[in-house]
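Notes follow the structure.
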Amino acid sequence: MAVWDDLVGQERVTAQLAAAARDADAIVTAEAELEAAGGAPGEPPEPTASKMTHAWLFTGPPGSGRSTAARAFAAALQCVSPDRALGGAPGCGFCDGCHTALVGTHADVEVVRTDVLSIGVKETRELVRRAQLSPANGRWQVIVLEDSDRLTEGAGNVLLKAVEEPAPRTVWLLCAPSVEDVLPTIRSRCRHLTLRTPPVDAVADVLVRRDGIAPDLAASAARATQGHIDRARRLATDERARERRATVLKLPLRIDDVGGCLKAAQELVDAAAEDAKQVAEEVDAKETEELRAALGAAAGTGGRLPRGTAGVMKDLQDRQKRRATRTQRDTLDLALTDLTGFYRDVLALQLGSSVAIANTEVQDALRRVAENSTSERTLRRIEAIRACREALDANVAPLLAVEAMTMALRAG
């Protein structure tokens, strides 16, 4: 299985990355031959037209596979398959270089993702320091920044220096929803690849082939998420996710009066808070215990921390609070995405569109809302959901933002 097999519905991007990986392999091979012939260590070969560059920017809508593409490219750059000498393309998926890069254990591939709201200057400086190192045992030093849109302005300026003056054999792979989410000075120094939303049929096929999900359930999940691979997998494998989604899709029928609007908003926010609490219960206690043990809080001392370590524990607690905030917002955003899909189907029915209905399990509710409203009101409702998402991004209190949205949905 080649490293590109998980990159669903992105044939054009796959071809570009495969070509760049071949050129990258040729660069490393030429450098090795130059050194063997007596050239200076690390001396670059004569410049040629190459599809390889030191910085890449992967953009595309949620679920398009930005991080999957970046990780696959990182694996192809580290490929050590002997088939390359026989004309085989890098990225076999089986060799030690490919395997360790894909599972996250390769010494020269750093994958950075954040479970908090932003990436700060301190973390970025550490990445830049690492980027200056030569590969330890791989062919390239690869930094995959999955959430480059979450860089603070200061962190972006720190990263800019490293992208402007790249170290030899270091590659930056940045992922973001759109080019506007990245500083212009950074994106102008990157090669830009745009991914598209994968076709529903392709997502269903990969769920069946790779995850062993029943075809009917895979097709339903892929259709409901409109090609979002990760959400489709979660919907197909997590019963609680299906229950939460079913609750969200009932909301449009529960906002006939002010009381219903306020109750629906409270339940939506409470469900998101419960999600954050579950993540905290699963992760926070383990993190705290591991840190206490690392700091020397032995059982024989009553579990008390050594003097001078309280600040470290406080940093962990602050990080856990930020993670809980992001988890709640992500859960709310997912619910709002499902709600947008509901009204998108309503609009399709009102306009007599031939677009396939995503939420086939609630067709009766869709028809009821479509018959009792107009396309203009539906568009205003979709706009109200968008405004709520923007308010949440601007740190408006979740309950206030969702209550305002449900009241706007009622008014149409």
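The values are calculated or read from the model by the stated rules, or taken from the named source; none is laboratory data. Owing to the predicted nature of the structure, the values given are computational and were not obtained by experimental measurement. Backbone-built Cβ (ideal geometry, glycine too); neighbour counts: all protein chains shown. In case anyone asks, the SASA skips ligands and DNA or RNA and just uses the protein heavy atoms, side chains included. Shrake-Rupley method; radii C 1.70, N 1.55, O 1.52, S 1.80 Å.
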Filter segment 13-34 down to the residues that are open to solvent by 50 Å² or more (accessible area, probe 1.4 Å) and in contact with a Leu (Cβ under 9 Å, 6 or more places away or on another chain) and list them by number. Gln16
State yes or no: is Ala155 in contact with a strand residue (DSSP E or B) (Cβ under 9 Å, 6 or more places away or on another chain) and either more than 30 Å from Gly120 (Cβ to Cβ) or modelled with pLDDT under 90 (or both)? yes
From Arg326, Arg377, Arg389, which residue is over 16 Å from Ala265 (Cα atoms), in contact with an Asp or Glu (Cβ under 7 Å, 6 or more places away or on another chain) and among the basic types (Lys, Arg)? Arg326
Within segment 53-162, strands (runs of 3 or more DSSP E) holding 3 or more residues that are among the β-branched types (Val, Ile, Thr): 109-112, 141-145
Would you confirm, using the coordinates I've provided, whether Val112 is among the β-branched types (Val, Ile, Thr) and more than 19 Å from Ala21 (Cβ to Cβ)? yes
When (1) surrounded by fewer than 17 Cβ atoms within 10 Å (Cβ to Cβ); (2) in contact (Cβ under 8 Å) with a residue 12 or more places away in the chain are applied to Ala265, the one that fails is (1)
Filter segment 169-214 down to the residues that are assigned to a strand (DSSP E or B) and open to solvent by less than 50 Å² (accessible area, probe 1.4 Å) and list them by number. Thr170, Val171, Trp172, Leu173, Leu174, Cys175, Ala176, Leu193
Which condition from (1) open to solvent by less than 20 Å² (accessible area, probe 1.4 Å); (2) modelled with pLDDT under 90; (3) more than 30 Å from the chain's Cα centre (by Cα); (4) not charged (D, E, K, R) is the one that Ala370 breaks? (2)
Checking Gly104 against (1) at pLDDT below 90; (2) on the phi < 0 side of the Ramachandran plot; (3) of a type outside the set (Val, Ile, Thr); (4) touching a strand residue (DSSP E or B) at 6+ places or on another chain (Cβ under 7 Å), only one condition comes out false. Which one? (2)
Residues being over 20 Å from Arg368 (Cα atoms) and either touching a residue at least 24 places away in the same chain (Cβ under 8 Å) or open to solvent by less than 40 Å² (accessible area, probe 1.4 Å) (or both): count how many of those fall in segment 239-257. 2
Contact list, first residue from segment 371-384 and more than 14 Å from Leu351 (Cα to Cα) and among the small types (Gly, Ala, Ser), second anywhere and open to solvent by less than 100 Å² (accessible area, probe 1.4 Å) and in a helix (DSSP H, G or I), beta-carbon distance below 7 Å, six or more apart or interchain, is Ala384/Met405; Ala384/Ala408; Ala384/Leu409
Could you tell me which numbered condition Glu164 fails, if it satisfies all but one of (1) open to solvent by 30 Å² or more (accessible area, probe 1.4 Å); (2) farther than 23 Å from Thr59 by Cα; (3) over 24 Å from the mean Cα position of the chain (by Cα)? (2)
Within segment 227-238, the residues that are surrounded by fewer than 20 Cβ atoms within 10 Å (Cβ to Cβ) and either closer than 18 Å to Leu332 by Cα or among the small types (Gly, Ala, Ser) (or both) are Asp230, Arg234, Asp238
Within segment 338-369, residues in contact (Cβ under 8 Å) with a residue 12 or more places away in the chain and of a type in the set (Asp, Glu) come out as Asp338, Asp345, Glu361
Of Val269, Val248, which residue is within 27 Å of Val402 (Cα to Cα), at pLDDT 75 or above and touching a Pro at 6+ places or on another chain (Cβ under 6 Å)? Val269
Scan segment 100-121 residue by residue and report those that are surrounded by fewer than 17 Cβ atoms within 10 Å (Cβ to Cβ) and not hydrophobic (A, V, I, L, M, F, W, C). Gly104, Thr105, Arg113, Asp115, Ser118, Gly120
